[in-house]
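Everything on this sheet refers to the single structure shown next.
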Amino acid sequence: MKKSKNTIVFQSVCQECYMGDGVLVYVKNGKVIKIKGDPASPVTEGDNLCSKCRNVINGTLYNPDRLKYPLKRRGKKGEDKWERISWDQAIDEITDQIIRIHEQQGPLAFAASVDGWHYTLCCLLMRALGSPNLLKSMQHCEGPSRVMDLAVIGDICTQFGHGPDTKDSKCVVIWGQNPPETHLPQWRWIQEARKNGAILITIDPRNISVAKQADVWLQVRPGADGALALGMIKVMIEEDLYDKDFVNHWCHGLEELKAHVKNDSLETIEAITWVPKKDIIKVARLYAGIKPASLVSGIGVMQGYGSTATGHAHSILVAITGNLDVQGGNLLSGERKPPGFYSAYEFLKPSYPKHLLPIEIEEKRIGYNEFPLWSGVKAPISACHNELAIKAMHTGKPYPIKALINHGTNLLTQFPEPRTVYKALKQLDLSIHFNYMMTPTAALADYVLPAAHWLERDEIPLIAGLWQPAIEARVQTVAPYGESRNEQQVILDIYWQLIEKGFKPQKSRTDVDFIQWRIIPEFLDYCLKGFGATWEGLKEHHVLPFPAKPYRLYDQDSFKFKTPTGKVELFSTTMEQLGLDPLPNHREPPESPISTSELAEEYPLILMEARVKGGAFMHSSNRWASWARKSHPYPQMDIHPDTAEPLGIKSDDWVWIENPRGKIMHKARITKDIDKRVVSCEPGWWYPEKGGPFYGVWESNINLLNSLDGPYDPAQGTTNLRTMLCKVSKVKKEPDFNKKQFWLST
């Protein structure tokens, strides 16, 4: 913290996304007046901030519609009618209802929907209540890839911030990701690598920003990424391109993999993927032949029926090319975390029993038997299956969930089949929602609690130690807006009031209380204790470094990969033990021109969801922000001109996107950047300007076209978000909300 005249400058870390940009926050007269990139940050490297961070002051922090006070539902659930109450009343009533539900329905009636570092104490509260049910948004994000890295390699290594050392690469493969729009620090590092002679390969169904700047772009069919990865593995093995020294010494299952890739010809893979055989061979030779090379497995390949197999194949590619844990390759990120530090993940991992429920309770987690890699005995993060949990709220099967604590997740926009999600949320006896703003999901709660913004709270960023060998502090720079509070502190207050009212909490697997702290600084001290630091010490210095580990950790005599065999498991014994495919197989999407050819006659286009250029939004956020809507007022559907022309569709026309489950509206963007057989729509859309109770969640929400019934990826239960079928037509009457352009008057 620095002072200059009437201005105080704080060093902190942004949380508009998960990149963890270092920021300088300028405060005058108790208000944030400016945010700049921190030149001392190894992530920001100067004033390099995305638009979300640059505009957060007026966009969210001081938005006049920001929630200021605790609200209690008045009237029927979902009517969006509220009365202002005090925090004391809110916590008193909430704890009374928790005790009542616990006594009448039992501990399994509780669940929490969470994301980010701030979910940790809510997870521990669930466990103190005796519930194993935690809905995590990671299931719909990078979860499948992380889980397969852990199953195959024993560590996470293929996601941005978790392994790819792109800055020092000579060949960078970006698969299903668009860093110029979504990961600016990584994009700067990739550009630096290219200045030093690296080549860039992009694999994506769309000719996105990163593809336009790539040396090679493969336009893969949505949902066929696993088949393409298998084709590359086939070329490397059959042409003897794999790293024999590493594979022979450190990999299990080479012979099984050799036999496996003989099953399909490259001609078959070309037909499945839409990628010419010659291009599959070319990219396989480039990635295997140029050293070192890094591979980034993006969210684009993690949201489908075959995401487990795709993640498995990506882990294999990194290993057999010898690019694992080498400078410029894919590093073992878990091995490089701050030593002794408890991040949010450490509170959830099976290797930390003092934070886990007894196994007989864990076994009752929803999805435990159905999806063992995500929710079951081999799950690395111990979360329930989101869609099955919603069904439990709606149908009471396998048992009813009657109470939900929601930390800002917008379930109506982010989960499949939102009309059923809506019904499920209305059936809850108790729904508590923390947020900055009123949202369609918050409007269904019984209590809406105003959350302190990241500029208003103390915490340790989730990315601690991932970009550099150091822990940074995210610090409170100003007093919370209105009566908003740090939601983690509220969770602690709820817990201790439960104790005061005589509630007997569930203890951990090692007979330890899950929650032992009364205030946030005590909790942060606990997280830092093993690292040899305190919160006040970290806050004072902002950054606490630790020694960097060497590359090629497996060269150490005692090293073993954290897998059953102690090696990289090309043939996964974990998957074999669970009765799942021990080697990756292409899984044709359950709805596609191949698997449902008759349906494709009526719905001939493949529908995928993806962000568009601009980066104004993070999931469903910022639809309330004038700056974001000025640049991107409405959702866009990308469609090829040869597809649009016969339908009478022109750029900026409102269009219907329809399938057997429903229809939604987007504005057309005519572009040759997409295949003629594919259209791409944006996720997360709702319209705050339409007002409650629904806030426009039924107009353009792509999840209205998806199903809560799956079919799901058989290992992890991943929902099929990117490979539906649809048809498109022009909207005849312009929608009424098109006239309510609040961003033009601010």
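The values are calculated or read from the model by the stated rules, or taken from the named source; none is laboratory data. Everything quoted here is computed from the prediction, not taken from an experiment. When we count neighbours, we look across all protein chains shown, and the Cβ atoms used for this are built from the backbone with ideal geometry, even at glycine.
What are the residue pairs meeting all of these: first residue in region 77-98, first residue under 24 Å from SER131 (Cα atoms), second residue aromatic (Phe, Trp, Tyr), Cβ atoms under 7 Å, and 6 or more apart or on different chains? Qualifying pairs under 7 Å: ALA90/TYR447; ILE94/TYR447. Just one of the listed residues (GLN476, GLN468) is out of contact with any Cys (no Cβ under 9 Å at 6 or more places or on another chain) and modelled with pLDDT under 95, and it is GLN468. Looking only at residues in region 106-121 that are within 18 Å of ASP446 (Cα to Cα) and not hydroxyl-bearing (Ser, Thr, Tyr), the one that is surrounded by the most Cβ atoms within 10 Å (Cβ to Cβ) is ALA111. Taking (1) within 30 Å of ASP525 (Cα to Cα); (2) at pLDDT 95 or above in turn, GLN327 satisfies each apart from (1).
What do you reckon, is TRP175 under 19 Å from the mean Cα position of the chain (by Cα) and aromatic (Phe, Trp, Tyr)? So TRP175 passes the test. Within region 274-294, is even one residue in contact with a helix residue (DSSP H, G or I) (Cβ under 7 Å, 6 or more places away or on another chain), among the aliphatic types (A, V, I, L, M) and surrounded by fewer than 20 Cβ atoms within 10 Å (Cβ to Cβ)? Taking every residue of region 274-294 in turn, at least one turns out to be in contact with a helix residue (DSSP H, G or I) (Cβ under 7 Å, 6 or more places away or on another chain), among the aliphatic types (A, V, I, L, M) and surrounded by fewer than 20 Cβ atoms within 10 Å (Cβ to Cβ). In this entry, PRO714 is excluded by the filter for residues that are under 19 Å from the mean Cα position of the chain (by Cα) and either assigned to a strand (DSSP E or B) or modelled with pLDDT under 95 (or both). Screening GLY532 with (1) surrounded by fewer than 14 Cβ atoms within 10 Å (Cβ to Cβ); (2) modelled with pLDDT of 95 or more; (3) farther than 30 Å from ILE491 by Cβ gives one miss only, at (3). Checked against the criterion of being over 30 Å from ASN196 (Cα atoms) and over 27 Å from the mean Cα position of the chain (by Cα), the candidates ILE269, ILE281, ILE320 yield just one match: ILE269.
ALA383 satisfies every condition listed in (1) modelled with pLDDT under 90; (2) more than 20 Å from MET575 (Cα to Cα) except (2). For the structure I just gave you, tell me whether ARG127 is among the basic types (Lys, Arg), buried (at least 24 other Cβ atoms within 10 Å of the Cβ), farther than 29 Å from LEU570 by Cβ and touching a residue at least 12 places away in the same chain (Cβ under 8 Å). So ARG127 passes the test.
A single member of VAL43, VAL32 is under 20 Å from TYR436 (Cα atoms) and either in contact with a strand residue (DSSP E or B) (Cβ under 7 Å, 6 or more places away or on another chain) or assigned to a helix (DSSP H, G or I) (or both), and it is VAL32.
Is it the case that SER4 is surrounded by 18 or more Cβ atoms within 10 Å (Cβ to Cβ) and outside the structural domain of PRO132 (by TED's automatic domain parsing)?
Criteria not met by SER4.
Among the criteria (1) part of a loop (DSSP other than H, G, I, E, B); (2) aliphatic (A, V, I, L, M); (3) under 26 Å from the mean Cα position of the chain (by Cα), the one ALA628 does not fulfil is (1).
Look at (1) on the phi < 0 side of the Ramachandran plot; (2) over 22 Å from the mean Cα position of the chain (by Cα) and you find that PRO205 fails only one, number (2).
For region 192-219, which positions are of a type in the set (Val, Ile, Thr) and surrounded by 22 or more Cβ atoms within 10 Å (Cβ to Cβ)? Hits for region 192-219 are ILE201, THR202, ILE203, ILE208, VAL210.
Taken over region 542-564, the criterion of being buried (at least 19 other Cβ atoms within 10 Å of the Cβ) and in contact with a Pro (Cβ under 6 Å, 6 or more places away or on another chain) is satisfied by PHE546 alone. The condition (being in contact with a Ser or Thr (Cβ under 9 Å, 6 or more places away or on another chain) and closer than 30 Å to PRO339 by Cβ) is satisfied by just one residue among GLU609, GLU569: GLU569. Checked against the criterion of being buried (at least 21 other Cβ atoms within 10 Å of the Cβ), in contact (Cβ under 8 Å) with a residue 24 or more places away in the chain and assigned to a loop (DSSP other than H, G, I, E, B), the candidates PRO480, PRO440 yield just one match: PRO440.
Note on region 483-505: residues that are outside any loop (DSSP other than H, G, I, E, B) and over 30 Å from VAL32 (Cβ atoms) amount to 6. Determine whether LYS567 is exposed (fewer than 15 other Cβ atoms within 10 Å of the Cβ) and within 29 Å of the chain's Cα centre (by Cα). Judged against the criteria, LYS567 is not a match. Close contacts from region 16-37, counting a first residue that is under 17 Å from THR60 (Cα atoms) and surrounded by fewer than 19 Cβ atoms within 10 Å (Cβ to Cβ) and a second that is at pLDDT below 90 and hydrophobic (A, V, I, L, M, F, W, C), with Cβ to Cβ under 9 Å and a gap of 6+ residues or different chains, come to CYS17/CYS50; CYS17/CYS53; CYS17/MET618; LYS36/LEU49. Just wondering, is there one or more residues in region 334-350 that are over 24 Å from the mean Cα position of the chain (by Cα), of a type outside the set (A, V, I, L, M), more than 29 Å from LEU230 (Cα to Cα) and surrounded by fewer than 22 Cβ atoms within 10 Å (Cβ to Cβ)? Within region 334-350, one or more residues are over 24 Å from the mean Cα position of the chain (by Cα), of a type outside the set (A, V, I, L, M), more than 29 Å from LEU230 (Cα to Cα) and surrounded by fewer than 22 Cβ atoms within 10 Å (Cβ to Cβ). Looking across region 55-96 at every residue that is in a loop (DSSP other than H, G, I, E, B) and of a type in the set (Asp, Glu), the one that is surrounded by the most Cβ atoms within 10 Å (Cβ to Cβ) is identified as ASP80. Of all the criteria given as (1) at pLDDT 95 or above; (2) within 27 Å of MET438 (Cα to Cα), the one not satisfied by MET19 is (1). When region 176-232 is limited to residues that are touching a helix residue (DSSP H, G or I) at 6+ places or on another chain (Cβ under 6 Å) and free of Cβ contacts under 8 Å to residues at least 24 places away in the same chain, the one that is farthest from ASN720 (Cα to Cα) turns out to be TRP189. When the residues of region 631-643 are filtered to those that are under 14 Å from MET665 (Cα atoms) and part of a loop (DSSP other than H, G, I, E, B), the one that is nearest to the chain's Cα centre (by Cα) is PRO635.
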